[in-house]
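All remarks here apply to the structure that follows.
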Amino acid sequence: ADTDSYYGGFWSVTSPSAALEAGRGYAARIYNAPLTLDATGTPHTGAVNIPVTHTISSVTGADGWNLLGNPYAASIKWSSLKALNPGVTGGACYRFTATGEYSGNWSAHNGVTGVPANTSDEIASFQGFFVQAPANGTMVFDKSICTAGTTTAYYKTGELENEIRLQLSNGIATDEVVTYT
């Protein structure tokens, strides 16, 4: 809906069994943390076409924002996704790292450099990110944007207590397993 409200422009998933659309971004507001979200199904491997919109409102800076999500079980490179979709976005992706229910920090990457300085070009598997569309269009994802993901950060709240991390690396690619109680 055309709205200037922070609470507008979002649609609720009304059933826990509702299928999530690959490439579409989803946000979860969790009132009773900690909570484990469990997603099941076959990992997506094919191309994805997601419509992006540029809705006009009375607040120009609020126009054209779209929440997308990495549809793959691998990290993707923003620079590769941007190159695959010239002119579909304003050129940067924006991610939010929550530090509390109503607090956190924004980061951005334009395909060359990130702000703050440690912001990676890589978007973790199933992570959401915002883009601003200058016009209505279609964002295309395909496997060419996937990467081994050596510097990808998951954007979540702080470290868990009582966690054990096992990281394996061959000098080129790294994989990590985290367990906690």
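The values are calculated or read from the model by the stated rules, or taken from the named source; none is laboratory data. Just so it is clear, the model here is predicted, and its values are computed rather than measured. Glycine also receives a Cβ, built like all others from the backbone with ideal geometry; neighbour counts cover every protein chain displayed. Only protein heavy atoms, including side chains, enter the accessible area calculation; ligands, DNA and RNA are left aside. Shrake-Rupley method; radii C 1.70, N 1.55, O 1.52, S 1.80 Å.
Can you give the FRET efficiency to the nearest 0.05 for residue 105 and residue 42, using r as the Cβ-Cβ distance and R₀ = 41 Å?
For R0 = 41 Å, the calculated efficiency reads 0.75.
For labels at residue 148 and residue 168 in the simple 7 Å Cα→Cβ model, what's the distance in nm?
Here the modelled spin labels are 1.4 nm apart.
Please report the carbon-and-sulfur percent of the accessible area for segment 58-157; probe 1.4 Å, protein heavy atoms only, DNA, RNA and ligands left out.
The C+S portion of the solvent-accessible surface of segment 58-157 is 57 percent.
Leaving out ligands and nucleic acids, note down the accessible area per residue over segment 41-85 with a 1.4 angstrom probe, in whole Å².
Normalised by residue count, the accessible surface of segment 41-85 is 46 Å².
How are the C-alpha pair distances of segment 34-136 spread across 5 Å bins, as whole percents from the shortest bin up?
2, 11, 19, 23, 20, 15, 8, 2, 0
Arranged from highest to lowest average of other beta-carbon atoms within 10 Å per residue, in what order do the peptides 88-98, 132-142, 65-75 appear?
My ranking of the peptides, most packed first, is 65-75, 88-98, 132-142.
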